Amino acid sequence: MNMDPIEYRIHGSDLQYVEVRLAPGRCAVSEPGAMMYVDDDVQVSTEIGDGSGRETHFLSRLWRGVRRKFSGESLFTSIYRNDAATDRRVAFAAPGPGQIVPIDLAVSGGTLIVQRGAFLAGARGVEVGLAWQKRIRVGLFGGEGFIMQKLTGDGVAFVHASGALTEMQLAPGQSLRVDTGCLVALQSSVRYDIKYAGKIKTALFGGEGLFFAQLSGPGTIWLQSMPLKRLSRTLLGMAMTANPRGRIVWFLIVVAFAVINILTMDMPV
Amino acid sequence: MSQHFAALLYGRDLPPAGLKVSAQFVGNRLQVGGDLRLEAAADAITVETGGFDHDTLYLGWTDATRGRLSLAPLDTVARATLISSAPATLETALRRHVRSGRNDRGKWLLLGGLAASLAVLVISVMLGYGLIVDWAVRMVPTEVEEKLGKSTMAELRQSGKLLDSGPAVDAVSSIGNKLTAGSRYHYHWAVLEDSSINAFAAPGGYVVVHRGLILAAKTPEELAGVLAHEVQHVENRHTLKAMVNGLGWATMATVLLGDVSAVAGMLAYQVGTTHYSRDLETEADSQGLAALVRADIAPEGMATFFRTLAKEAPQMPIALLSSHPATEERIAAIEAGIQALPKKDYPPLAIDWPAVKASLDQDDKAS
């Protein structure tokens, strides 16, 4: 599989987009709907599956598409091919506040496991698959669920997550405790486990939950500072306190239904 | 005799994805080939399980110059070679690693088994729903039903509209007793001074007929048809069944939907209970016909009376939500049931029907 090396620049600070420069004949792939702008002469097509071009049979491509779908991506992939004689640009925007990090899969040993839906775009040949969490307790309490994405290939993949993103190297035997949900990506050589917070008091009042994700080296991990779960909890709390009328309306609907129900009850004839 | 295996070496100064090396055990020492030329004593090596799937084997040791190092076999062949060629000091640790890889298989099997048995339970509850309700109802003794019926009657009596004697009550009880000969219930018959066309049965054998129904019935056989229907509600403990069913639906709605979607819960509850009560009405109709035949009373009265009822009562807007079978449907079912019965001449009921009606008219004037 020959990968398409691509040049790119990431713009913006908190609401980012990545501009990719395509050499003539080169391709980039992205999630449908991620494209922000594209130069003329760039052919845009949509393929079922991950657009890696590896599978030619329709059913096997469809199966790959379904697996992609489970990993939080679309069934389809958009492919951008430069048909012109000179370089052309295409840009992909992040779907929310946060950062885009370029990860060279060749440096990561060809495989990277990322949070569901974190893949934004990449060089052609980057395959998006499914990484099934075989550890039940990690799946339940690890904060990432049972399904993550597995990116394979040796090109650059652009991964997006909310908040600030940081990359960390874990030496052999080095462990890091991470709040569940803050994990964005990890190399497959990293051990991903959960650790009981240890103290009920910490769990209840420390606000960190009952479990930590424990990541042990060797390998590289990427962390996000603001998981969407945390953000949505904050926003939901604000929405509820800001709009007490909503709850009253629901209560009235329930009461009205109960009254109607009682009034329309009848005796058997 | 030494065996080489391909491996990835991880360390502080090495590439993050690991460095591809060739390694082998020589006696009690691990040798890592290539440019590195590393060596470690087997008793200084720890066996660790790592990787995303917790199935990667890592041999870890501390090197004097390079610090902490980790070596992982590149593939399954290399892994097998490593395990088979490892010195005895590492054997127990390696065996523990192999075992730990199988740990969660049992858990997944258990989880799958639990899910499957839950599915079986749900399906069997759905299929055997009637049987479960029947069983629950059978647990209730007849005395409890009597008490329920008695308290209902006591409330009615307080309204002062309940007739316990008179030609109308006599007519109702003479027909009713014919229908209920040999029953385990002790029946009480009464007439309620209410001009609407209705009749109902309270559990434990209390049957009440509205005055309006008697006035609307053209023959005593029509009254017999209604009574035969009502008696089946008592005999088959329909009130209790409806209560148990309602309880079941309410519980299920709460369990499945939680208290968040209270509206949806009540909808499910209502659809569930009304559908159930329609089933019970249909059952009472068909068994009522059989009771009429047993009591030697012409069954056509039931059909003709429900025809009258169909004209009086407005059509229910939504068939599914009505607590009674759609009237047309119901009459058709009853008529089909009558057709299926063997042809027979039934003796007319020996009741002076105009006199019974007249007695009620007089009561009306008196009040």
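The values are calculated or read from the model by the stated rules, or taken from the named source; none is laboratory data. Treat the numbers as computed from the prediction; the structure is a model and nothing was measured. Backbone-built Cβ (ideal geometry, glycine too); neighbour counts: all protein chains shown.
The table for this structure:
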| read-out | value |
| --- | --- |
| Any chance A:Ala171 is of a type in the set (A, V, I, L, M), buried (at least 23 other Cβ atoms within 10 Å of the Cβ) and touching a Pro at 6+ places or on another chain (Cβ under 9 Å) | no |
| Meets criteria (assigned to a loop (DSSP other than H, G, I, E, B), touching a Leu at 6+ places or on another chain (Cβ under 8 Å) and within 14 Å of chain A (Cβ to nearest Cβ)) for B:Ala17 | yes |
| Matching strands (runs of 3 or more DSSP E) fully within region B:178-254 where at least 3 residues are crowded, with 22+ Cβ neighbours inside 10 Å and among the aliphatic types (A, V, I, L, M) | B:199-202, B:206-210 |
| Complete set of residues in region B:47-73 that are away from every other protein chain (no Cβ under 11 Å), among the hydrophobic types (A, V, I, L, M, F, W, C) and touching a residue at least 24 places away in the same chain (Cβ under 8 Å) | B:Val47, B:Leu57 |
| Residue match in region A:124-141 (condition: crowded, with 22+ Cβ neighbours inside 10 Å and at pLDDT 90 or above) | no |
| Test set (1) over 29 Å from A:Leu170 (Cα atoms); (2) without any contact (Cβ under 8 Å) to a residue 60 or more places away in the chain; (3) in a strand (DSSP E or B) - A:Ser60 fails condition number | (3) |
| Selection within region B:59-78 - surrounded by 20 or more Cβ atoms within 10 Å (Cβ to Cβ), in contact with a Gly (Cβ under 9 Å, 6 or more places away or on another chain) and more than 15 Å from B:Pro16 (Cβ to Cβ) | B:Gly60, B:Leu71 |
| Candidate set: region A:75-119, residues that are in a strand (DSSP E or B) and charged (D, E, K, R); chosen: the one surrounded by the fewest Cβ atoms within 10 Å (Cβ to Cβ) | A:Asp104 |
| Selection count where residues are assigned to a helix (DSSP H, G or I) and either under 17 Å from B:Gln24 (Cα atoms) or touching a strand residue (DSSP E or B) at 6+ places or on another chain (Cβ under 6 Å) (or both), scope region B:50-105 | 18 |
| A:Ala213, sole failed condition from (1) within 14 Å of chain B (Cβ to nearest Cβ); (2) modelled with pLDDT under 75 | (2) |
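A quick yes/no check of all residues on (1) over 30 Å from B:Leu71 (Cα atoms); (2) in contact with a helix residue (DSSP H, G or I) (Cβ under 9 Å, 6 or more places away or on another chain):
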residue	(1), (2)
B:Arg96	no, no
B:Gly112	yes, no
B:Met126	yes, no
B:Tyr129	yes, yes
